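Taking it in order: structure first as structure tokens, then the write-up.
The values are calculated or read from the model by the stated rules, or taken from the named source; none is laboratory data. On a predicted model such as this, the values are computed, not experimentally measured, just so you know. Cβ atoms come from the backbone with ideal geometry, glycine included; neighbour counts cover every protein chain shown.
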Amino acid sequence: MIKKVLLFSCLIMLLPFLIVTIFIRNDEITFNFSQNSTVRVLREDTNQIEIVPIEEYVIGVLAGEMPIEFEIEALKAQAVAARSYVMIQMERNISKDYDVVDSVTNQVYLDKDYLMSVWSNSYNDNINKIKLAVLSTKGEYISYNNEVAEALFFSTSPGVTENSEDVFLNKVAYLRSVDSHWDKESPAYFTSNTYDLKEFYNNLGLDYSDKIIIDVIEKTSTGRIKIIKINNREFTGNYICAKLDLKSTFFEIIQDGSMVIINNKGYGHGVGMSQYGAEGMAKEGYNYQEILTHYYTGVEIKKF
């Protein structure tokens, strides 16, 4: 009995050492990609197509699409969403020369050479954190009615996400508007842009007038502007965003004498998973499956 107690005590004392030895590494974690599917990635800078193992591609997307400081469960959720997104693109583009572009056209993908140059001495720590998220979710994707779900995502909501048909016309059963109050912690939750009156009119291609007359014609169910009339000319909310460099279509225009103030909430199209919402949920203790099933209504997490 005494020997068993002593053995147990030794194991307890050795446990921290074992954890540090096994899980905390100074070198880069390496994966074996030989059995993985590959993604044909069009690199915009070179116009070359690179063949990248799918899990390596997901690593590059996590590095390009989500801040490295985010909680591991948020990174895991992003990994599954990114993998689901590229699976759909691979199916859609099977007859084309490439599956995805390495930019915001699809998903931002950053390769090892680039990450080593920007992360420098932090490279190993950062890449290992991302690889842990990818390895923990290897092969997992979001499924709806036994089909891969198009897991759209964006940076920050104004407190609630959008129904797909309000932004992209098509109604998708799992891309429903849901609460996302966690986004209030995002640096992009509220922004404000100021223009002089002449600059405002020039950007929108309008004739100068001392007074701005605004009539909001149509909003989404959550308050984003779909169609707005300014000085008797109609614009889409997306057009206003593009011309005035706004972060989202959730905005209000205020004239203050010869100045125009535009207050803006959120960042991105608002459909699917909010990344800052995922981070807020992770900080509150939600795991990545709970994050994904919150933002994608009625889905399952499956593994190929």
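Only one of the numbered conditions (1) over 30 Å from residue 55 (Cα atoms); (2) assigned to a strand (DSSP E or B) is not met by residue 207, and that is (2). Applying the criterion of being of a type in the set (Lys, Arg) and in contact (Cβ under 8 Å) with a residue 12 or more places away in the chain to the residues of region 215-226, the residue that is farthest from residue 176 (Cα to Cα) is 226. When you check residue 222 against the structure, is it outside any loop (DSSP other than H, G, I, E, B) and closer than 30 Å to residue 271 by Cβ, yes or no? No; evaluated as a whole, the condition is false for this residue. Output the residues belonging to region 247-257 that are part of a strand (DSSP E or B) and either crowded, with 22+ Cβ neighbours inside 10 Å or in the same structural domain as residue 292 (by TED's automatic domain parsing) (or both). Within region 247-257, 251 is the sole residue that qualifies. Of the candidates 298, 285, the single residue that is in contact (Cβ under 8 Å) with a residue 12 or more places away in the chain and assigned by TED's automatic domain parsing to the domain that holds residue 66 is 298. Tell me yes or no: at least one residue of region 42-51 is buried (at least 18 other Cβ atoms within 10 Å of the Cβ) and touching a helix residue (DSSP H, G or I) at 6+ places or on another chain (Cβ under 8 Å). Looking through region 42-51, none of the residues is buried (at least 18 other Cβ atoms within 10 Å of the Cβ) and touching a helix residue (DSSP H, G or I) at 6+ places or on another chain (Cβ under 8 Å). With respect to residue 90, is the statement that it is in a helix (DSSP H, G or I) and under 12 Å from residue 63 (Cβ atoms) true? Considered against the rule, which asks whether it is in a helix (DSSP H, G or I) and under 12 Å from residue 63 (Cβ atoms), residue 90 comes out as no. Among the numbered conditions (1) closer than 28 Å to residue 301 by Cβ; (2) out of contact with any strand residue (DSSP E or B) (no Cβ under 6 Å at 6 or more places or on another chain); (3) not aromatic (Phe, Trp, Tyr), the only one that residue 116 does not meet is (1). Of the residues making up region 181-199, those that are assigned to a helix (DSSP H, G or I) and more than 28 Å from residue 162 (Cα to Cα) are 197, 198, 199.
Could you go through region 73-84 and let me know if any residue there is assigned by TED's automatic domain parsing to the domain that holds residue 130 and farther than 27 Å from residue 124 by Cβ. Within region 73-84, one or more residues are assigned by TED's automatic domain parsing to the domain that holds residue 130 and farther than 27 Å from residue 124 by Cβ. Of all residues in region 168-178, those being surrounded by 12 or more Cβ atoms within 10 Å (Cβ to Cβ) and either out of contact with any His (no Cβ under 8 Å at 6 or more places or on another chain) or part of a helix (DSSP H, G or I) (or both) number 7.
Per-residue answers, yes or no, for (1) surrounded by fewer than 20 Cβ atoms within 10 Å (Cβ to Cβ); (2) of a type outside the set (Asp, Glu); (3) touching a residue at least 12 places away in the same chain (Cβ under 8 Å):
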site: 213; (1), (2), (3): yes, yes, yes
site: 234; (1), (2), (3): yes, no, yes
site: 259; (1), (2), (3): yes, yes, yes
site: 267; (1), (2), (3): no, yes, yes
site: 274; (1), (2), (3): no, yes, yes
site: 279; (1), (2), (3): no, no, yes
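Filtered by the rule that a residue be among the acidic types (Asp, Glu), surrounded by 12 or more Cβ atoms within 10 Å (Cβ to Cβ) and more than 10 Å from residue 244 (Cα to Cα), region 194-211 gives a lone residue, 196. Taken together, the residues in region 236-246 that are of a type outside the set (A, V, I, L, M, F, W, C) and buried (at least 18 other Cβ atoms within 10 Å of the Cβ) amount to 1.
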